[in-house]
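No value in this document is a laboratory result; all are computed from the given coordinates. All figures in this text were calculated on a predicted structure; none of them were measured in a lab. Glycine also receives a Cβ, built like all others from the backbone with ideal geometry; neighbour counts cover every protein chain displayed.
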Amino acid sequence: MTNDYGGIVVEGVARSFGTVQAIRDIDFEAPPGEVTALIGPNGSGKTTLMLILASLLAPDLGTVRVAGFDPVSHPAEVRSRVGWMPDTLGVWDSLTSLEVLKTLGALYGMSAADSARRAEELLVSVNLTEFGRQPARVLSRGQQQRLSLARALIHDPAVLLLDEPASGLDPGSRVELRSLLRSLAADGKTIVVSSHVLSELDEIADRAVFVSRGQSVKSQTLDEAGSQTRRYYVQAEPMSALAEALSSYGVRFETRGDSRREEFLVQLGSTAEASWLLRTLVMSDVVVTAFAPAGGALEETYMSLDTDRR
Amino acid sequence: MSTVTEPSSPQPVRTAALPFRSAVRTIFVLEMKQRLRGKGWYWMLGIWFVVIGFIFVLGTGVIGTMDNQGGILFDLIVGFVLLFGLLVAPGLSANAVNGDRAGGTLAILQVTLITPGQLLAGKWLASWVGSLAFLVLSCPFIFWALALGGVNLQEALVSLVMLAVELGVACAIGVGVSSLATRPLFSIVSTYMLVALLAVGTVIVFGLSTLLVMEERTVRSSYYTYPESSIDSLGVPAPDAEMECVAQTYTTDLPDTQYITWILAANPFVVVADAVPYTLPEPGSTGGQPMGYSTGPFYTPGVMETISQGVRSAQAGPDLEVTCEESMGGVQPLPQGVPIWPLGLGIQLLLAGGLLLIGRRRLTMPARRLTQGTRIA
């Protein structure tokens, strides 16, 4: 039943609700010490997969191992090792943040002293110390989101499942969330993050699994994503000189229409190719005013998958 | 969020099950904190106090001159506390589980080490204690009635204990239904329906069932009257005439209620009334004199004692031999035959326990089947 490999291994999982096939066939792997992004359009089965990993849903088919245990046959082992932050904010309005954390600690079998100490520490890590003794209903959405994260961490789980953790967070909190997740990963935790904010994930995640219509369609590491063919946008003064130079070097370009300023999009196979083009343009006296990847690495993959978005 | 804190004392997380009592206590405390910090519960308590007080004062005024005043008042309060308790308990319990689900907090509890049984036990205990507060709040009136005399300690004690038990049953039904039904409103209404089924439905079914057990019976009925010879042409008996006992026999359809009394058993009012050991007056000490009108204390049972007597007479079946003493003495107290409340309480516990068991299965995660329209989180 168990294996030494922590992390998460999911093979061929399917799950339907009545006639709705929420998950058709998902393979998924999240190694310890890394942040794995779960990416897909709305209704693609991300949350369903998260519920299966959190031992709340049983899959119809397939095998699941979370921290080495099967959530169906060994739910208690999985639960003691998994921290889950749902996408819905469940709040006990009248309880203070500290009470919420201590209650959850008690329900994970921690002693009162341990969970009190851990709760205080977590409030510091999520910047909620001044709200520790305030009822949760006075917290803003972003603060409740951070409390929810602290709650998921109360029993120091080896596996962390975060469903849309960045939604509702202000930019500062996002940066802090990022560094918190990176340092948790550095401690060897397995972290799964689902999110729509692909540029966020670019900086947090080590690898990404793309799901679409209940199927895992692609899995890649960020290094792979970074070295794939990407689009760059280029601006110059004037644009006509740029067009001339690009044509003369045989670089195909298109005019991007969805931006306020006119800009050209070029498809480049690697970062080496990109630096070559930039250098060449500058050397041929084109006044380049902007030269940058058109989107994040993950966004490139996401768009290139051509998944039908609903 | 800049620093990650390790647990201060690194230790492997135990996967042993949570100890039952501490898990239940945690849920209980969680529920009670929310209840004590909300306003709704205090409002309900306040309204309750006013209503019970109003009824008590009204009752005192109406029956102030009757015999057995303390007993009747005590009985009245017990009856009303039971009635209102059955109205309050579903409200306190029937959204315990699906209310959490709607608020998104149920799943958070479910991913911890707590088991569904512990969760339900904690929720039930919290709603029971919450409804016991209403009983406690009625105590001033109960003690007042007791102070008026006429009620012995045992009777009072059993009444209170049975009230508490019935509130617990209603709460258990509510918690059970709330773990089955998706929407809080639906489960509250369903719980009211179930409680009404017990409190009113049993009486209706009993009443209708009497038609099924109708039998043609010969009844011998006796009564005192003046001999015909002593009555003059105007119908006035002679002054020195003595009354005599005359028997009359007739046939009529009577229900054999002894076969269907069990239907009433699960009625909460019957359970409480039947369990209470009322002190009955000595046979013959009230009424029953062949001549004229009794001067002694009449047998005047209160509301609950009347229910108790009704059940006993239903258990006894039709009286085929009405003696002269019976016809003169008015209501005669019936002693307890076979107690029916253990049967009733058993039925109630089966119902509540069954609901809780199904609810526990429904709350066991990972879920294979979800009810239509449910979302886990």
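In terms of modelled amide H atoms, which long-range or inter-chain residues lie less than 5 Å from the amide H of B:Ala367?
Correct list: A:Leu57, A:Ala58.
How would you order B:133-146, B:265-278, A:285-298, B:103-116 from highest to lowest mean count of nearby Cβ atoms within 10 Å? Display every interim value, and only then the final one.
Working: B:133-146: 18.3, B:265-278: 24.4, A:285-298: 16.6, B:103-116: 21.7.
The densest-packed peptide leads the list: B:265-278, B:103-116, B:133-146, A:285-298.
Packing-wise, with mean Cβ within 10 Å as the measure, how do B:308-314, A:174-180 rank, highest first?
Numbers: B:308-314: 21.3, A:174-180: 18.3.
Per-residue mean Cβ counts within 10 Å order the peptides as B:308-314, A:174-180.
Lys and Arg at +1, Asp and Glu at -1: add these up for the other residues within a Cβ distance under 14 Å of B:Gln348 and post the number.
On the way: positive: none; negative: B:Glu166, B:Asp274.
Neighbourhood net charge equals -2.
If you take every DSSP beta bridge fully contained in chain A, what fraction is antiparallel? Give it as a percent rounded to 5. Walk me through the intermediate numbers first.
Details: 34 of 52 bridges.
Counting DSSP beta bridges with both partners in chain A, the antiparallel share is about 65 percent.
Based on Cβ point charges of +1 for Lys and Arg and -1 for Asp and Glu, what charge dipole magnitude is obtained for the protein assembly as shown about its Cα centre, in debye rounded to the nearest 20? It would help to have the intermediate numbers written out before the result.
Values: 49 positive and 63 negative charges, 452 e Å.
Using only the charged Cβ atoms, the result is roughly 2160 debye.
Show log10 I(q)/I(0) for the stretch A:48-160 at q = 0.14, 0.17, 0.23 Å⁻¹, two decimals, from a solvent-free Debye sum over equal Cα scatterers.
The Cα Debye sum returns log10 ratios of -0.58, -0.80, -1.21.
Can you check what the Kirkwood hydrodynamic radius comes to for the stretch A:8-222, Cα pairs only, in Å to one decimal? Please report the intermediate quantities before stating the final value.
Working: mean 1/r = 0.0574 Å⁻¹.
Result for the stretch A:8-222, one decimal place: 17.4 Å.
Could you check the simple spin-label distance between A:Glu273 and A:Asp25, using points 7 Å along Cα→Cβ, in nm with one decimal?
3.1 nm
Compute the whole-percent fraction of alpha carbon pairs in the stretch B:72-225 spaced more than 22 Å apart. Can you show the working numbers first?
Numbers: 6521 of 11781 pairs.
Of all Cα-Cα pairs in the stretch B:72-225, 55 percent lie more than 22 Å apart.
What net charge do the residues around A:Asp93 carry, taking every other residue with its C-beta under 9 Å from that of A:Asp93, with Lys and Arg at +1 and Asp and Glu at -1? Let's see the in-between values first.
Values: positive: A:Arg137, B:Arg37; negative: none.
Once all neighbours under 9 Å are counted, the net charge is +2.
Kirkwood hydrodynamic radius, computed over distinct alpha-carbon pairs, for the stretch A:228-304: how many Å, to one decimal?
Numbers: mean 1/r = 0.0792 Å⁻¹.
So the Kirkwood estimate lands at 12.6 Å.
Mind checking the mean number of beta-carbon atoms from other chains within 10 Å of the Cβ atoms in B:24-31? Show your work: numbers first, answer last.
Details: counts 0, 1, 6, 3, 0, 3, 8, 1.
Mean inter-chain Cβ contacts per residue within 10 Å come to 3.
Lys and Arg at +1, Asp and Glu at -1: add these up for the other residues within a Cβ distance under 15 Å of A:Asp285 and post the number.
Values: positive: A:Arg279; negative: A:Glu237, A:Glu244.
Every neighbour counted, the sum reads -1.
Dipole of chain A (Lys/Arg Cβ +1, Asp/Glu Cβ -1, origin at the Cα centre): which of A:Val234, A:Phe264, A:His196 lies farthest to the positive side?
A:His196
What does the structure give for B:33-39 when I average, per residue, the other chain Cβ atoms found within 10 Å of the residue Cβ? The partial results should precede the final answer.
On the way: counts 6, 4, 1, 1, 5, 2, 0.
The shielding value for this peptide is 3.
Which of the lysines could a cross-linker span from B:Lys33 if the Cα-Cα distance has to be under 28 Å and same-chain partners fewer than 8 positions apart are dropped?
Leaving aside lysines fewer than 8 places away in the same chain, those within reach of B:Lys33 are A:Lys102, B:Lys123.
How long is the stretch A:143-209 along each principal axis, judged by its Cα atoms, biggest number first, in Å?
Largest first, the stretch A:143-209 extends 27, 27, 17 Å along its Cα principal axes.
How many Cβ atoms of partner chains, on average, are near each residue of A:82-92 if near means within 10 Å of its Cβ? Write out the running numbers ahead of the final one.
Working: counts 1, 1, 6, 1, 7, 2, 8, 4, 11, 4, 9.
The mean count of partner-chain Cβ atoms within 10 Å per residue comes to 5.
Would you order B:Met243, A:Met85 from fewest to most other beta-carbon atoms within 10 Å of each residue's own beta-carbon? Don't skip to the end; give the middle numbers.
On the way: B:Met243 17, A:Met85 22.
Listing B:Met243, A:Met85 from fewest to most nearby Cβ atoms yields B:Met243, A:Met85.
Share of Cα-Cα pairs in chain B beyond 38 Å, in percent? Spell out each step's value before the answer.
Values: 26160 of 70876 pairs.
Looking at chain B, the distances longer than 38 Å represent 37 percent of pairs.
Would you mind getting me the FRET efficiency between B:Thr279 and B:Arg21? Use the beta-carbon distance for r and R0 = 41 Å, nearest 0.05.
My answer for the efficiency is 0.55.
Mean 1/r over all different Cα pairs, inverted: what Kirkwood radius does the protein assembly as shown give, in Å?
Working: mean 1/r = 0.0323 Å⁻¹.
Radius from the Kirkwood sum: 31.0 Å.
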